[in-house]
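First the structure, then my questions, so here it is.
The values are calculated or read from the model by the stated rules, or taken from the named source; none is laboratory data. Quick caveat: nothing in here was measured; it's all calculated off a predicted structure. Every residue, glycine among them, receives a Cβ derived from its backbone with ideal geometry; neighbour counts consider all protein chains shown. Protein only, heavy atoms only, side chains kept; ligands, DNA and RNA dropped before computing areas. Shrake-Rupley method; radii C 1.70, N 1.55, O 1.52, S 1.80 Å.
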Amino acid sequence: MKNIAIILARSGSKGLPHKNIKELKGKPLMAYSIEVAVKSELFDTVHVSTDSPQYAEIAKKYGADAPFLRSNDTSSDSASSWDAIREVLARYAEKGEKFDNFMLLQPTSPLRTVGDIQAAFKLQKEKNALAIVSVCPIDHSPLQCNILPEDLSLANFRQNNSKGLRRQMLEQYYRFNGAIYLSKVSSFLASGDIYQKDCYAYVMNRRNSIDIDDEVDFKIAEALLD
């Protein structure tokens, strides 16, 4: 069984320029994902997919493989993560290297742990799953939410929600946290997607689920890493 970790680190971040190599507690952000992938000892290859020679050199410094750069097509704003993954798998296949599983590890999830990666693979085996995707509990139930009219009146705010039920009485809701996407390569290439019948959720705690989009998220991650 051969596994590849794929870390997507495009250089063209609009919201926070060069986010993927911005230093977090003395290390570039993407280094956290590289290091946990290597330490998990579950991957034959830890690959950083990037359009930047600078990023590729940083990736190699922290133990990743970056033998080629992303094409212009998969580096554009309109390209999806799945497009980039297909390109990575195809480029390795051209070299005669094929994998049974890939795990997409987004560099914006620096608090994801070795244990999270190992647990996702364990769940895949237990469920005989085609794919495992990480989720985490949300802070507030959507049943406690509603839209607001233009005049900001709260007159009907509680009509369509939980009708005053206490938080402890509501069902737990979850969201995708962007930290782990594990899939069998064959099923992904056949369908072009991982959200199929045999796709299961791996539940992560909220602390490990921080997803860095902006400077505030960086500050939160720094505090949690102390």
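Kindly provide the set of residues from the stretch 162-206 that are at pLDDT 90 or above, open to solvent by less than 30 Å² (accessible area, probe 1.4 Å) and assigned to a loop (DSSP other than H, G, I, E, B), ordered by number.
ILE194, MET204
Quick check on my filter: what residues within the stretch 116-137 are under 24 Å from TYR32 (Cα atoms) and either open to solvent by 40 Å² or more (accessible area, probe 1.4 Å) or touching a His at 6+ places or on another chain (Cβ under 8 Å) (or both)? I'd like the intermediate steps shown before the answer.
First pass over the stretch 116-137, keeping only residues under 24 Å from TYR32 (Cα atoms): 116-124, 131-137.
Within the stretch 116-137, GLN118, LYS122 qualify.
From the list ASP83, ASP65, exactly one residue is closer than 16 Å to ILE34 by Cβ, open to solvent by 30 Å² or more (accessible area, probe 1.4 Å) and in contact with a Ser or Thr (Cβ under 6 Å, 6 or more places away or on another chain). Which is it? Spell out the reasoning first.
Details: ASP83 fails: closer than 16 Å to ILE34 by Cβ.
Unique residue meeting the criteria: ASP65.
Quick grid of which residues meet (1) part of a helix (DSSP H, G or I); (2) under 18 Å from the mean Cα position of the chain (by Cα); (3) at pLDDT 95 or above:
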site: GLN118; (1), (2), (3): yes, yes, yes
site: LEU123; (1), (2), (3): yes, yes, yes
site: GLU126; (1), (2), (3): yes, no, yes
site: ASN156; (1), (2), (3): no, no, no
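Also: Residues in the stretch 23-48 that are in a loop (DSSP other than H, G, I, E, B) and surrounded by 17 or more Cβ atoms within 10 Å (Cβ to Cβ): how many? Please lay out each step first, then the result.
Our first condition is that a residue be in a loop (DSSP other than H, G, I, E, B); within the stretch 23-48, this holds for 25-26, 41-44.
Among the residues that remain, those that are also surrounded by 17 or more Cβ atoms within 10 Å (Cβ to Cβ) are: 42-43.
Of the residues in that region, 2 qualify.
To continue, here is another question. With the condition kept exactly as written, say whether any residue in the stretch 88-98 is assigned to a loop (DSSP other than H, G, I, E, B), out of contact with any Cys (no Cβ under 7 Å at 6 or more places or on another chain), charged (D, E, K, R) and at pLDDT 95 or above.
Residues of the stretch 88-98 assigned to a loop (DSSP other than H, G, I, E, B): 95-98.
Now restrict to residues that are out of contact with any Cys (no Cβ under 7 Å at 6 or more places or on another chain): 95-98.
Next, from what is left, pick out any that are charged (D, E, K, R): 95, 97-98.
In the following step, the residues that additionally are at pLDDT 95 or above were identified as 97-98.
Looking for residues that are assigned to a loop (DSSP other than H, G, I, E, B), out of contact with any Cys (no Cβ under 7 Å at 6 or more places or on another chain), charged (D, E, K, R) and at pLDDT 95 or above, one finds at least one in the stretch 88-98, hence yes.
Do we find that LYS60 is outside any loop (DSSP other than H, G, I, E, B), open to solvent by 10 Å² or more (accessible area, probe 1.4 Å) and either out of contact with any Cys (no Cβ under 6 Å at 6 or more places or on another chain) or not basic (Lys, Arg) (or both) in this structure? Before the answer, list the steps.
Numbers: outside any loop (DSSP other than H, G, I, E, B): yes; open to solvent by 10 Å² or more (accessible area, probe 1.4 Å): yes; either out of contact with any Cys (no Cβ under 6 Å at 6 or more places or on another chain) or not basic (Lys, Arg) (or both): yes.
Spelling it out, LYS60 is indeed outside any loop (DSSP other than H, G, I, E, B), open to solvent by 10 Å² or more (accessible area, probe 1.4 Å) and either out of contact with any Cys (no Cβ under 6 Å at 6 or more places or on another chain) or not basic (Lys, Arg) (or both).
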